[in-house]
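Here is the structure we will look at, set down as structure tokens.
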There are 2 protein chains.
Amino acid sequence: MSRSVKKDTLLKVAESLFYEHGFRGVGLKQIINEANVATMTLYNHFSSKENLIEEVLKQREERYWSYLDAHVEMESDSPFILAAEAHGRFLKEESYKGCMFLRAIEDYGEMDNNIEKIARGHKQKLLEYFQQLAHRKGKNNEKDLANQFTLLLEGTTSMTPLIGAEKATEYSIAMARTLVQHTS
Amino acid sequence: MSRSVKKDTLLKVAESLFYEHGFRGVGLKQIINEANVATMTLYNHFSSKENLIEEVLKQREERYWSYLDAHVEMESDSPFILAAEAHGRFLKEESYKGCMFLRAIEDYGEMDNNIEKIARGHKQKLLEYFQQLAHRKGKNNEKDLANQFTLLLEGTTSMTPLIGAEKATEYSIAMARTLVQHTS
DNA sequence: CTTAAAGTAGAAAGATCGTTCTATATAACT
DNA sequence: AGTTATATAGAACGATCTTTCTACTTTAAG
């Protein structure tokens, strides 16, 4: 077996609990109980709580990208709309409490740890991805467009706890359409 | 003296620390130390940590509204742009780590406490405020417009930790202009 | 079948948390 | 001057946190 099933369970349970109650709001005991695992099993797979959080973030990031990769045709004539739809799908299926990466930056920022680096890295990659999209569409102001579109997606995520993922996504797609049409 | 200076110091210090490190990331000891106050002084003014958080949120909400009230002329022909500018001013002067109210909802949500109620109440009031703005502008789809504009502001707040308040506000105003022009 | 790896339960250490308590000091007001 | 409200420092409580430890059991591959 290339990878322990216990480790996978731990990651899954940890991500769910961390997302629902925050990193600092969940103790390892809770994770261990819900994963039906012994304390030392956790510490055999992860060197510390911080390390567990790091791997949870990496796992979530991978899954986020799989949503984008699956739905965004880069050569399409509306890749931004496709990205907004993919983002909405992710929210609908896995998010209802805002962005876990922003939360990691807020909770562990400016402390020189890997947690913040991973979270910021994800956002950076996202921005660059959208810059590519803008570039392929022949837009000259790639950075501005990428930033604006990211702002739209972050707004969508933030709105899910308030109005739900479906409506938030609806709005962001409507706005994205308007913006793509009327932006140089 | 209508209100203790110690209480004000506590609220100020608590808001700053809670905002920077999260509610669960800050202990009362830290707040007490930085406020140069005795333990019992805190407990004489606030019945618990939860209660302190509640009052911090109320204080912050008041200050947020004072930004809107000061800069938004409801009768103006572009109240939404003014609101976006006021929001940007608040971010620039008091925020660099996302929205404290969303964070409160995330951290204490679904636990039936006052913290969540206050935070959700603030967001609800904001939505209704923007609905009024849309109504005065003679828009028929008030709710949609208010939701979309709120999404824009939330996106702006979320982006501040990534690109700073100035740029984020710039983008949101640019987008707001485009949207106001091209939305029924 | 054996052996090494992986998992088990649970206690324990050491730190920190929110909260309460005690006992004292300061300041303002009648 | 005396009373009252507000502040003080710091010990103490019980709970919980992360991490480590011990000693036992299961699992899986050679």
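The values are calculated or read from the model by the stated rules, or taken from the named source; none is laboratory data. Source: prediction; values computed, not measured. As a convention, Cβ positions derive from the backbone with ideal geometry for all residues, glycine included, and neighbour counts pool all protein chains shown. Ligands, DNA and RNA are stripped out before the accessible areas are found, and what is left, the full protein with its side chains, is counted by its heavy atoms. Shrake-Rupley method; radii C 1.70, N 1.55, O 1.52, S 1.80 Å.
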> In square angstrom, rounded to the nearest 10, how much accessible surface does B:S4 have for a 1.4 Å probe?
Replying inline: 40 Å²
> Excluding ligands and nucleic acids, what accessible area in Å² is computed for B:V180 using a 1.4 Å probe, to the nearest 10?
Replying inline: 60 Å²
> Measuring label to label, 7 Å along Cα→Cβ, what does A:R63 give against each other copy in nm, shortest first?
Replying inline: 3.7
>> Defining the label point at 7 Å along Cα→Cβ, can you sort the distances from A:S16 to the same site in each other copy, shortest first, in nm?
In response: 4.2
> Counting Lys and Arg as +1 and Asp and Glu as -1, each charge on the Cβ, what is the dipole of the protein assembly as shown about the Cα centre in debye, to the nearest 20?
Replying inline: 380 debye
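Past 22 Å, Cα to Cα, is the threshold; run A:K7/A:K29; A:K58/A:K97; A:K97/B:K125; A:K49/B:K49; A:K97/B:K137; A:K49/A:K92 against it and keep the listed order.
Details: A:K7/A:K29 15 Å; A:K58/A:K97 18 Å; A:K97/B:K125 20 Å; A:K49/B:K49 25 Å; A:K97/B:K137 32 Å; A:K49/A:K92 28 Å.
Table pairs above 22 Å Cα-Cα are A:K49/B:K49; A:K97/B:K137; A:K49/A:K92.
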> To the nearest 10 Å², what's B:W65's accessible area with a 1.4 Å probe?
Replying inline: 40 Å²
> Taking N as the number of residues in segment B:127-184, what is its alpha-carbon radius of gyration divided by 2.2 N^0.38 Å?
Replying inline: 1.18
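As a check on your grasp of the helix formula, calculate [θ] at 222 nm for chain B: sum -39500 (n - 2.57) over DSSP H runs of n ≥ 4, divide by the residue count, round to the nearest 500. Mind showing how you got there, number by number?
On the way: 9 runs with 143 residues, N = 184.
Taken over chain B, the calculation gives -25500 deg cm²/dmol.
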>> Which of B:R136, B:R24, B:R120 ends up with the largest GNM mean-square fluctuation for chain B, with Cα atoms connected below 10 Å?
In response: B:R24
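Order B:H21, A:H182, most accessible first, counting only protein heavy atoms with a 1.4 angstrom probe.
Numbers: B:H21 55, A:H182 80 Å².
So, going from the largest accessible area down, we get A:H182, B:H21.
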>> Just to make sure I understand: if all protein chains stay in place, what is the order of B:K92, A:K125, B:K97 by accessible area at 1.4 Å, largest first?
In response: B:K92, A:K125, B:K97
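How large is the charge dipole for chain B, taken about the Cα centre, if only the Cβ atoms of Lys, Arg (+1) and Asp, Glu (-1) carry charge, to the nearest 20 debye? Write out the running numbers ahead of the final one.
On the way: 24 positive and 27 negative charges, 44 e Å.
In total the dipole reaches around 220 debye.
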>> Test of understanding: express the Cα radius of gyration of segment A:49-182 as a ratio to 2.2 N^0.38 Å, with N the residue count.
In response: 1.05
>> Per-residue Cβ counts within 10 Å, from other chains only, averaged over A:140-152: what number is that?
In response: 4
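Heavy atoms only, probe 1.4 angstrom, no DNA, RNA or ligands counted: give me B:E166, B:E93, A:E15 ranked by accessible area, highest first.
Working: B:E166 105, B:E93 125, A:E15 10 Å².
Putting B:E166, B:E93, A:E15 in descending order of accessible area: B:E93, B:E166, A:E15.
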>> How far, in nm to one decimal, is A:R177 from itself in the other copies if the label point is set 7 angstrom along Cα toward Cβ? Shortest first, please.
In response: 2.4
>> How shielded is B:98-109 by partner chains, expressed as the average number of their Cβ atoms within 10 Å of its Cβ atoms?
In response: 5
>> Against the empirical 2.2 N^0.38 Å scaling, what ratio does the C-alpha Rg of the protein assembly as shown come to?
In response: 1.03
> segment B:5-40 to segment A:28-75: how many Å between their Cα centroids?
Replying inline: 33 Å
